[in-house]
């Protein structure tokens, strides 16, 4: 019994050491290895900005295109130098993504089938979605409150940019049709292949409910998927041994590209955003304390490994398998964990929600666009809808923000203000998603009397 805690503490220590070493090496390489590359990129950026400020679009279109292509080539050459470090994180994340879809499918089918009937699924699902709605609303509203209080973009006084500015992001304009298509799968195999978590959840709910409905015949299927889940969790244990190497590679690559300067340039915005995340952690902890008392501190202690992993890799998915194991060890009912946690990865991304309101209003402030309270509330509600099911999309928060900005006539080019620091902000919101979903799973277990 003493080996598991020792091994767990050793992994935490190794991840933390990898984090520190990655930061140190990244700053060193930024100053030495890619210094000339970064200077060349900065010079081209300065030329692009100077050309844009002349406001002679017809004459300078060809020159601007040439400079843009030159910058892209320079960035590609620099990133190629850092590929060995990026690959360390990429391989780990690919292994985690390989696990997530079958793990969500198998555990959710077992969880729903063991609930027994549609009535139980509806009862627990109702409680779960009610908490998700309240937590999402809290995250969005807190972000709106703080960004209005701090006014981080008010001092920038930027001119309104050209409407055609391209940021390299796929737009995501909200429509009921696209929203529904994102929920309901055409093929479960396609959804599994593409890690479409929300679609997998929908099929798993139907499959699990139908398995429970056929009675004794379904027991064979339940036993099969239980074994599958156990096997995948065993694979997770193997993959997790690579976590320190992945953290080291990810931090080295990010700091080598960005350097310490990006922290100084946006230190106020970064500081205020992380203060917002800390406030959200505090509020969620206080709400959990009302229901489970001082056990919430034990829960947070158990979540330090998954949260640190999510923070270091900027990926909530990376922490998903570890979260499942830790929540069950904490005392949450296995069937509740199997049911609630996969839903949380589509409906309860608290850190991402706060970031989306924070970023959207920051961009509006930067261009001097005054948004009335009613408009801000409308934006908040749109973000609540468009953010569902974004967990598996690369740079998902930025994509959703791009669509929301266009809806409210805010220049989408303002996202360029955040592209440089997005990896740093993504770390905090990924860790917050872990905390939010762990608290949600624990509270539903408590309400269902499944918390030991």
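Among the residues of this structure, residue 198 does not count as one that is surrounded by fewer than 19 Cβ atoms within 10 Å (Cβ to Cβ), part of a helix (DSSP H, G or I), in the same structural domain as residue 122 (by TED's automatic domain parsing) and within 26 Å of the chain's Cα centre (by Cα).
On the basis of being assigned by TED's automatic domain parsing to the domain that holds residue 377, within 30 Å of residue 235 (Cβ to Cβ) and surrounded by fewer than 24 Cβ atoms within 10 Å (Cβ to Cβ), does residue 331 make the cut?
Working: assigned by TED's automatic domain parsing to the domain that holds residue 377: yes; within 30 Å of residue 235 (Cβ to Cβ): yes; surrounded by fewer than 24 Cβ atoms within 10 Å (Cβ to Cβ): yes.
Answer is yes for this residue.
Annotation note: of 310, 318, the sole residue that is over 25 Å from residue 147 (Cα atoms), buried (at least 16 other Cβ atoms within 10 Å of the Cβ) and touching a helix residue (DSSP H, G or I) at 6+ places or on another chain (Cβ under 7 Å) is 318.
Applying the criterion of at least 1 residues that are closer than 30 Å to residue 443 by Cβ and at pLDDT below 80 to the helices (runs of 4 or more DSSP H) found wholly in the range 17-132 leaves 83-115.
Of the residues examined, residue 123 is not one that is outside the structural domain of residue 39 (by TED's automatic domain parsing) and within 29 Å of residue 237 (Cα to Cα).
For the range 188-208, the tally of residues that are closer than 14 Å to residue 115 by Cβ, modelled with pLDDT of 85 or more and in contact with a helix residue (DSSP H, G or I) (Cβ under 8 Å, 6 or more places away or on another chain) stands at 3. Just one of the listed residues (284, 275, 233) is crowded, with 19+ Cβ neighbours inside 10 Å and either touching a strand residue (DSSP E or B) at 6+ places or on another chain (Cβ under 8 Å) or touching a residue at least 40 places away in the same chain (Cβ under 8 Å) (or both), and it is 284. Somewhere in the range 337-359, is a residue out of contact with any helix residue (DSSP H, G or I) (no Cβ under 8 Å at 6 or more places or on another chain) and modelled with pLDDT under 85? Looking for residues that are out of contact with any helix residue (DSSP H, G or I) (no Cβ under 8 Å at 6 or more places or on another chain) and modelled with pLDDT under 85, one finds none in the range 337-359, hence no. Return a yes/no flag: does the range 212-228 have any residue that is part of a helix (DSSP H, G or I), in the same structural domain as residue 125 (by TED's automatic domain parsing) and at positive phi. Yes, some residue in the range 212-228 is part of a helix (DSSP H, G or I), in the same structural domain as residue 125 (by TED's automatic domain parsing) and at positive phi. In the set (1) at pLDDT below 85; (2) assigned to a helix (DSSP H, G or I); (3) closer than 23 Å to residue 308 by Cα, residue 406 fails one condition alone, (3).
The values are calculated or read from the model by the stated rules, or taken from the named source; none is laboratory data. The structure displayed is predicted, hence computed values, not measured ones. As a convention, Cβ positions derive from the backbone with ideal geometry for all residues, glycine included, and neighbour counts pool all protein chains shown.
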